[in-house]
Amino acid sequence: MYEEDFIGYKKVTETQQDNIGTIKKEYEYNVAPTLVYSHVYALGRGLEAPTPTFTEPQYLFIKTSMRAEPFDFRHYHTEFTSSQQSIKYKRDYSFHYKPFELKDEVGIYNGLLLSSKNYAHENQIFKLVDSEDYTYDISYNQKQYWGVIYGHTIDERLKNGSDANFSFHNPLYTIVQPIYYPVVQTKGYNYSQYNLTYKAILSLYNPGPSSIATTKFFGGQAFVTTTDYSYGNVTQSDPIGNLTIQKTTFPDGSSQTSNYSYAVEKGNQLLIDRNIISLPLETIITQTIGNTTKILSKTETIYPTVLPTSQTGNLVLPLSVKSYDIENPTVSSVEATYDQYDSKGNILQYTTKDGVVTSIIWGYNSTQPIAKVTGVSYSVANALAADIISASNADINATTEQTLIDKLDIFRKQSALNSTQITTYTYDPLIGVTSITPPSGIKEVYVYDSANRLKEIRQDNASGKLLKEFKYNYKP
């Protein structure tokens, strides 16, 4: 029975204020169950099992309970008021919230976002600007794990015959009952004492929303864009949870669909054996206008099927990227070939479809690229890179960074690289890139604030010409 004497807060308001503005957050908890059950069930609780071992039952009667619809929401909204400008807006959130028949049961939809709504403050009222609505399709894995439920109330004891009934109110569980008591053998349990019921414990999964509807309001009209997501499930060969189809339908009725294929569909047993089964290998994008559908693009990333390879060694890494002729999807061409990796999996050399070779020099103890050289092989570029690699490994402050920059400038002027295009990089590890010098030689310097957020991009040095500026403000 759901207990009505629930102790908690109906509404909570939090306010935060600083020199930028005020943020007010309100939480509303609406607990109003529509169904009340008269029995309290001891679901896997109550009697201590004498032994954890048991045999798998045979000759089973299976019934499934699918009661999972939410009947109430948990609401939450934020409101922002600027202290510097006449700006005020609000955002509302709704979440799934379902207290089940037993107060300590956990709902699988609890906490999932149902909707978000954005309001602008106009003419002293909040006006709805746009909204997003989410739907979910939580499913279960067909692989089952056997368990035991025992200690039910007297009126729901299992009988010896096949007409035994059992009620179980949690969603998406399969209840397995013995049809004939003498057939089911258990170890350490006594049927009359413990009143056993076998239960298949199913692993639930929620890969993400099955649909997101985005509505924008203009001139009294609502324009809806809907994106539907399909995931691998128990009826497909693809692993559960992999995004297989993403379809976006626009307000004018046209749509764009992306289809994804993984190792299972592509038959790459090496990836399957290494459990690399959630990486999309092929993407096909189509567009539908009216009754006409056409392919916009088809690309495929090629991975090795056996190891070792000359390019990746014993690592499972991409070998190439292929694109397909949209007029004849069976005809493909190689967009890029990944020619060489290091032992850490860093790409050292790749070749584009026009035959241009690009080499990557890695520094900071092989964690960051410090030079990209287009036009020569990695063996040529690397033979000239010893000084910049050692200088990057030693870069720990502004002084050592300047030493690295000087070494990079010398590297760029090597006669063997005169006909190449060179881009060089420096970093503050764990913060971000601090400078990028493209082939033009005009250096961009990246400046961060005290919170390590990108603040400015300047030319040549930290006090040079301002190219870009980034400001951070509070948002509900």
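Residues in region 405-421 that are part of a helix (DSSP H, G or I) and either without any contact (Cβ under 8 Å) to a residue 40 or more places away in the chain or open to solvent by 30 Å² or more (accessible area, probe 1.4 Å) (or both): Ile405, Asp406, Lys407, Leu408, Asp409, Ile410, Arg412, Ser415, Ala416. When the residues of region 456-476 are filtered to those that are under 28 Å from the mean Cα position of the chain (by Cα) and open to solvent by 40 Å² or more (accessible area, probe 1.4 Å), the one that is farthest from Tyr119 (Cα to Cα) is Phe470. Among the residues of region 348-387, those that are open to solvent by less than 40 Å² (accessible area, probe 1.4 Å) and of a type in the set (A, V, I, L, M) comprise Leu348, Val357, Ile360, Ile361, Ile370, Ala371, Val373, Val376, Ala381, Ala385. So which residues in region 422-449 are more than 17 Å from Trp362 (Cα to Cα), surrounded by fewer than 19 Cβ atoms within 10 Å (Cβ to Cβ) and β-branched (Val, Ile, Thr)? Matches in region 422-449: Ile431, Ile442, Val447. Can you tell me how many residues within region 361-380 are of a type in the set (A, V, I, L, M, F, W, C) and more than 22 Å from Ile396 (Cα to Cα)? Looking only at that region, the number is 3. The single residue among Thr248, Thr293, Thr257, Thr244 that is assigned to a strand (DSSP E or B), within 25 Å of Val321 (Cβ to Cβ) and open to solvent by 50 Å² or more (accessible area, probe 1.4 Å) turns out to be Thr293. On the stretch given as region 262-284, residues that are buried (at least 16 other Cβ atoms within 10 Å of the Cβ), in contact (Cβ under 8 Å) with a residue 24 or more places away in the chain and assigned to a strand (DSSP E or B) total 1.
Looking across region 221-277, just one residue is at pLDDT below 95, among the acidic types (Asp, Glu) and under 22 Å from Ser297 (Cα atoms), and that is Glu265.
Could you look through region 441-459, keep only residues that are modelled with pLDDT of 95 or more and hydroxyl-bearing (Ser, Thr, Tyr), and pick out the one that is nearest to Thr374 (Cα to Cα)? For region 441-459, the residue satisfying everything is Tyr446. Does region 202-212 include one or more residues that are open to solvent by less than 60 Å² (accessible area, probe 1.4 Å) and at pLDDT 95 or above? Yes, some residue in region 202-212 is open to solvent by less than 60 Å² (accessible area, probe 1.4 Å) and at pLDDT 95 or above. The requirement of being modelled with pLDDT of 95 or more and either within 34 Å of the chain's Cα centre (by Cα) or part of a helix (DSSP H, G or I) (or both) is not satisfied by Glu327.
The values are calculated or read from the model by the stated rules, or taken from the named source; none is laboratory data. Quick caveat: nothing in here was measured; it's all calculated off a predicted structure. Heads up, the Cβs are rebuilt from the backbone with ideal geometry, glycines too, and the neighbour counts pull from every protein chain shown. All accessible areas refer to the heavy atoms of the entire protein, side chains included, with ligands and DNA or RNA removed. Shrake-Rupley method; radii C 1.70, N 1.55, O 1.52, S 1.80 Å.
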